[in-house]
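Engineer: One structure, as structure tokens, below. Some questions next.
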Amino acid sequence: MSNFTNPAQDDIKTILKESKTIAVVGLSDNPSRTAYQVSKAIQDAGYTIIPVNPTVSEVLGRKAVSRLQDIQEHVDIVNVFRRREHLPAVAEDAASMPSVPDVFWTQLDLVSEEAARIAGNAGMTVIMDKCIKIEHSMLK
């Protein structure tokens, strides 16, 4: 059982209202993939999406980067669509970005105590096991 606890729902709403740029780790150019569908919905809601995937050049009309450290601008949220065993490494990548992101967010069913510790120690708010599209839909 995990000891990890997400921020309060009101805090998550505030994060989503104040955020503008979201780096999506594991964003595929395949429209049938969950990462693509969620990212398209979030992009359609007005967020700037930065695809992070070394195997694609562009997704949703945005140039992809191979790794988080390649992003020079400040990112509000790193939204992760990678398997659980990759989360600590992704958290380390986020922590070593030129500008540390505000939030490290993992999708439904993804929780890693180690990743939460790494991201939290770097100063990021950590949200795990929550779909950003579902959370955003509750802002209305």
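Engineer: Can you name the number of the only condition in (1) surrounded by fewer than 16 Cβ atoms within 10 Å (Cβ to Cβ); (2) within 27 Å of residue 139 (Cα to Cα); (3) at pLDDT 95 or above; (4) not β-branched (Val, Ile, Thr) that residue 96 fails?
Structural biologist: Every listed condition holds for residue 96 apart from (2).
Engineer: Can you pull out the residues in segment 119-140 that are open to solvent by 20 Å² or more (accessible area, probe 1.4 Å) and either among the aliphatic types (A, V, I, L, M) or in a loop (DSSP other than H, G, I, E, B) (or both)? If you could, list the steps in order and put the result at the bottom.
Structural biologist: Keep residues of segment 119-140 that are open to solvent by 20 Å² or more (accessible area, probe 1.4 Å), which gives 120-123, 125, 129-130, 133-134, 136-140.
122, 123, 129, 130, 134, 138, 139, 140, listed by residue number.
Engineer: Condition (residue is open to solvent by 10 Å² or more (accessible area, probe 1.4 Å), assigned to a loop (DSSP other than H, G, I, E, B) and within 17 Å of residue 7 (Cβ to Cβ)) applied to segment 73-82: is it met by at least one residue? Write out each step before concluding.
Structural biologist: Filtering segment 73-82 for residues open to solvent by 10 Å² or more (accessible area, probe 1.4 Å) gives 73-74, 76, 81-82.
Retained after the next criterion (residues that are assigned to a loop (DSSP other than H, G, I, E, B)): 73-74, 76, 81-82.
Still in the list and also within 17 Å of residue 7 (Cβ to Cβ): 76.
Within segment 73-82, one or more residues are open to solvent by 10 Å² or more (accessible area, probe 1.4 Å), assigned to a loop (DSSP other than H, G, I, E, B) and within 17 Å of residue 7 (Cβ to Cβ).
Engineer: Search segment 105-130 for residues that are without any contact (Cβ under 8 Å) to a residue 60 or more places away in the chain and farther than 16 Å from residue 83 by Cβ and pair each with any residue that is part of a loop (DSSP other than H, G, I, E, B) and open to solvent by 60 Å² or more (accessible area, probe 1.4 Å) when their beta-carbon atoms are under 9 Å apart and the residues are at least 6 apart or on different chains.
Structural biologist: 122/96; 123/102; 124/102
The values are calculated or read from the model by the stated rules, or taken from the named source; none is laboratory data. Quick caveat, the model's predicted, so the values are computed rather than measured. Cβ: placed from backbone, ideal geometry, glycine included. Neighbour counts: every protein chain shown. Accessible surface is based on the protein model in full, side chains and every heavy atom, while ligands, DNA and RNA are left aside. Shrake-Rupley method; radii C 1.70, N 1.55, O 1.52, S 1.80 Å.
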